[in-house]
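**Student:** Mind having a look at this structure? Questions to follow.
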There are 2 protein chains.
Amino acid sequence: MSFETHRCLAKHTPIYFAGDDAGELIKVTKGVVSVFCIFEDGRRQIVDFVTEGELLHFQFGGELDHYAEALTDVELVCAPVNAALSDTAWAEYVFEQMRNRLDRERRHITLLGQKSAAERLAEFLIIVSERLTTPLGDIELPMTRQEIADYTGLTIETVSRMFSRWMRERRLVVTGKRTYRIEGALAA
Amino acid sequence: MSFETHRCLAKHTPIYFAGDDAGELIKVTKGVVSVFCIFEDGRRQIVDFVTEGELLHFQFGGELDHYAEALTDVELVCAPVNAALSDTAWAEYVFEQMRNRLDRERRHITLLGQKSAAERLAEFLIIVSERLTTPLGDIELPMTRQEIADYTGLTIETVSRMFSRWMRERRLVVTGKRTYRIEGALAA
DNA sequence: GAACAGCCTTGATCAGCATCAAGAATGACC
DNA sequence: GGTCATTCTTGATGCTGATCAAGGCTGTTC
């Protein structure tokens, strides 16, 4: 599309801040981005890990009210809101992405509202495994323990303890630098 | 619109179940509806309280994956998905409603992920007060303590205790059968 | 390969909320 | 107005996960 622009960013680079102009839609074509909110007191809630083919936000004007940051090296395609929504293919894509995000957010809500630490992390791994797998079928976790904690509403220590336990019990196996495989039921 | 149908339901009536056909969009024109998920073990997570002018769900085909139930007497307008999305006014309305829901769900995620019981309930009251106020400006709470608990991820006892405390401290005042007024800062 | 920074792990203790339990208030129905 | 079911409140106790603290691992830089 003529109105699209491309950007490449190195890992850990901020993509936008709350308060930035929401004039363009941003699609991730490579890598993983974390989308999050920050409170006055420094607490952070990661709302989504956005992967290839997905849009970062759905604000079509005004100011952005949250943050996005590259977790890995990323490639992005940006499109001005008006041009994108006037283009049939883009508009349909945006629509579909909104539906997907609604579903993921709902799932995230149930994860946070009703589940124990073990259940949250098991569900987190399942959610990630549906979107971030190696060709061999292993789960990729490009995020740090802190980021997992900020997604699941737990602390870094609890995340670490749970992973350690599952690895000790051979329910979760490390298969590479940042890849894992689930070998048994995690829920317990 | 010719393709719209109207329904009136008494309070506590189920509107749809998970597994039902997602063939029509449903708009609330009067009353309040709770939208929720249920787990195998009976735990329930209320995802949203849907009020006048809002859509219940955004599934445009297949089977619904959650539940909806009238909290109060309600009036609904239903429209077949295809007819609605072909109609410009409806399509724009659906789009706008999806954006609103995305924002509310994100807010709900931060409420559940990062906050203490007091903070959750304070935030819950603020969210509700933005959409359910009497002409006098009081907050309407048509939902039970259990429903508030299932929305905030707390137990009914914790909700009750927090409300009692705020009422004892005159931060929250009962102004009617199901109406309240916030008199001071709740967060503490 | 030594030094350093960032990330992760593990243990000990603590606090907030859940759970368990009992009774009070509210409202519906005859 | 009395009875019953439902909802709400309040207290006592316990558990899960947070907090505090210390040390280990990994990777980078010179």
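The values are calculated or read from the model by the stated rules, or taken from the named source; none is laboratory data. As the structure is a prediction and not an experimental result, all values here were calculated from the model. Reconstructed Cβ throughout: ideal geometry from the backbone, glycine too, with neighbour counts over all protein chains shown. Accessible surface areas use protein heavy atoms only, side chains included; no ligands, DNA or RNA. Shrake-Rupley method; radii C 1.70, N 1.55, O 1.52, S 1.80 Å.
**Student:** Working only within segment A:99-148, note down all residues that are within 11 Å of DNA strand C (Cβ to nearest atom), open to solvent by less than 30 Å² (accessible area, probe 1.4 Å) and part of a helix (DSSP H, G or I).
**Tutor:** Matches in segment A:99-148: A:113, A:147, A:148.
**Student:** Residues that are touching a Cys at 6+ places or on another chain (Cβ under 9 Å) and closer than 21 Å to residue B:131 by Cβ: which strands (runs of 3 or more DSSP E) entirely in segment B:1-68 hold 2 or more of them?
**Tutor:** Strands (runs of 3 or more DSSP E) meeting the threshold: B:24-30, B:44-50.
**Student:** Still on this structure: Given the conditions (1) within 8 Å of DNA strand D (Cβ to nearest atom); (2) within 14 Å of another protein chain (Cβ to nearest Cβ); (3) among the charged types (D, E, K, R), report the number of the one that residue B:161 does not fulfil.
**Tutor:** Answer for residue B:161: the failing condition is (2).
**Student:** Looking at this structure, is residue A:151 crowded, with 17+ Cβ neighbours inside 10 Å, within 14 Å of DNA strand C (Cβ to nearest atom) and either closer than 30 Å to residue B:115 by Cα or hydrophobic (A, V, I, L, M, F, W, C) (or both)?
**Tutor:** yes
**Student:** Of the residues in segment B:130-158, how many are within 18 Å of residue B:47 (Cβ to Cβ), within 14 Å of chain A (Cβ to nearest Cβ), within 12 Å of DNA strand D (Cβ to nearest atom) and without any contact (Cβ under 8 Å) to a residue 60 or more places away in the chain?
**Tutor:** 4
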